[in-house]
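The structure appears below as structure tokens.
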Amino acid sequence: MLDHLRAIVVVLHLIAITAVAFPAPVGMRRADLDNPDVQAAIEAWRGVAGAAGVAVEAEAFREQLWVAGSKMLAVRTSALTPLQPYYRYAGTSQGWAMFGYLNHTPARLEIHIDSGIGWEPLFIARTTAHTWRARQLDQERVRGLVNAFSWRSSRQRMRAFADWVAVQAVADFPAAKRIRVQMRTRPLPAPHELQVSRALAHTKTYWPEIRELR
Amino acid sequence: MSHWRRLVATLAHREPATPLALFRIVTGLVLLVTLTDMLLTETLAVVWYPIAHGGLVDTQSTHWLITALGGTDPSVVNGLVATVLACAVLMVIGLGSRIAALIALQCCLALLSLHPASGGGHDRLIANGLWLIVLAPADATLSLWSRARRGAWVSVAPAPAWVRYLIVYQIALVYTCTGIQKLGSDWWPWGDLRAVYYALLSPSWQRWESIAWVADLYPLTQVGTAVTLLWEMSWGLVLLALWYRATRTRSGRLRALFNRLDVRRLYALIGVGVHVGIWAMMNLGPFSWITLTYYLCLWHHDEYSRLWRRVRR
């Protein structure tokens, strides 16, 4: 009897973790279809479909993917509803897409301070020259937070992050006037370009957040 | 015998708990190192304290434990962290591991609920691992419990083996699903297999300041991309390999081939290469270590025993 009960529990566990891990476009947003990286990926798969004899117009293909993805998510949500307590209380949630899509124009975090003589770099991510509070800002969990900004996601969190940076700057530089937190794009070069240039270029900035320190 | 009865019989199998004990010990160590790193780098307050107390948490957690303890507050966070550290120590030494893992799991889930954006896949793997330790007789050997109860640190008394099977299934599931979701064209030949090259250049995760030399290794990164994709997507073969190993006395050419090649060892070797490579080049926290911890359950007690004898010789 106990053996049968154990088998039932194990089978239910396997069903639960497999169902929630099953690949699905979780977090899919309509706006993502306008993202050049996403469009390039979809176009590549349309090419594969075309090579297999299934020719579809680009826009129609994207629309079909959107509809199929939406339906898939609806079914997934319904199927997983009764299992949610198991995920919540036993920590059995899944969801794995390590670098499923690569960001071709990622960005790094930059923090500058103005002490009355103009902006000076304080922290430039992944450099050894500007390392203010690097122990914290380089830590993996803070990197995870900033990575969302690199995808131009979580604008509100970026503002909260800038507020936090400002509080730390007041403590460390009481005479400073302003602090600026921003992201600077690093368009990833093709390998042959990088072999020639030997350096990664950092170009446009976005989401500048300036805080008065006094 | 029906499929169900065969499954029941398989899950009733017992074996010495050495792999589970190793899984318990290393999971505890990963937990200790992860939290200690947060304490030493002073990021614990940054990611888990409320804004009013110098952190970045801007909303109240709805996790039942946080609510029960009175809400998001530094003293609550510190208490949870201290509890997890204590439980991790108990897991490492092997004393009340099931209870310790259950408490650590609930505290971890509460902490991670405070700022989900600062987490990663490794948090899930740690939580999954803790739950599996709750289910496992993991302190049956290599533990203080074994020493106190049986008078020896090591015990070869048979314990239920099914949790080891679940641990192996868990890691196979992680890899397979990760592989299937790699739909970005950079992972495929029509995208020139550039995924690993681009991932290494990502400023969010790069470990070293100077990274341009990756371009000189481009062909190697292409091989790495192809191998990673194929290896991840085909992890189901490891489950098949383990099944064939457990039923090696039966006939079949494929079974014989799998056992001769030791497919499991091949996948584990690639995995160690991939994860050590990731660790060397990228800062993804405890991701590599907690993932490799699952590998410990790919081997049976007898194999560890043989290895130990060889090392001591």
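Just so it is clear, none of the values below were taken in a lab; they were calculated from the coordinates. From a predicted model like this one, the values you see are computed outputs, not experimental measurements. Don't worry about glycine lacking a Cβ; one is built from the backbone with ideal geometry, like all the others, and counts go over all protein chains shown.
General remarks:
- Ordering of A:31-37, B:262-268 by packing [mean C-beta count within 10 Å, highest first]: B:262-268, A:31-37
- Annotation note: chymotrypsin sites (Phe, Trp or Tyr not before Pro) in the stretch B:99-183 located in DSSP loop regions with a Cβ neighbour count of at most 14 within 10 Å are B:Trp153.
- When chain B is treated as a Gaussian network with alpha carbon springs shorter than 10 Å, the biggest mean-square fluctuation among B:Cys108, B:Cys177, B:Cys87 belongs to B:Cys177.
- Cα Rg, Dmax (largest Cα-Cα span) when computed across the stretch A:1-159, Å: 22.3, 79
- Of the DSSP H helices in chain B, those whose Cα atoms cover at least 20 Å axially and whose Kyte score averages -1.0 or more: B:18-40, B:74-93, B:97-114, B:121-135, B:162-180, B:218-233, B:263-281
- Taking one quarter of the surface of the convex hull spanned by the alpha-carbon atoms of the stretch B:1-105 gives a direction-averaged projected area of 9.5 nm².
- Ignoring aspartates and glutamates fewer than eight residues from B:Lys182 along the same chain, the ones with Cα atoms less than 20 angstrom from its Cα are A:Asp32, A:Asp34, A:Asp37, A:Glu43, B:Asp192, B:Glu232.
- In the elastic network of chain B, a GNM with C-alpha springs shorter than 10 Å, the most mobile of B:Gly70, B:Gly236, B:Gly271 is B:Gly70.
- In chain A, helices alone account for a calculated mean residue ellipticity at 222 nm of -16000 deg cm²/dmol, with every DSSP H run of four or more residues adding -39,500 (n - 2.57).
- Principal-axis analysis of the Cα atoms of chain A puts helix A:58-80 at an angle of about 70° to the longest axis.
- Selected from A:Ala19, A:Ala52, A:Ala176 as most flexible by GNM, with chain A as the system and alpha-carbon contacts under 10 Å: A:Ala52
- Helix A:36-51 and the longest principal axis of the Cα set of chain A meet at an angle near 30°.
- Using only the C-alpha atoms, the convex hull of the protein assembly as shown corresponds to 192 Å³ per residue.
- Volume of the Cα convex hull of chain B, divided per residue and given in Å³: 189 Å³
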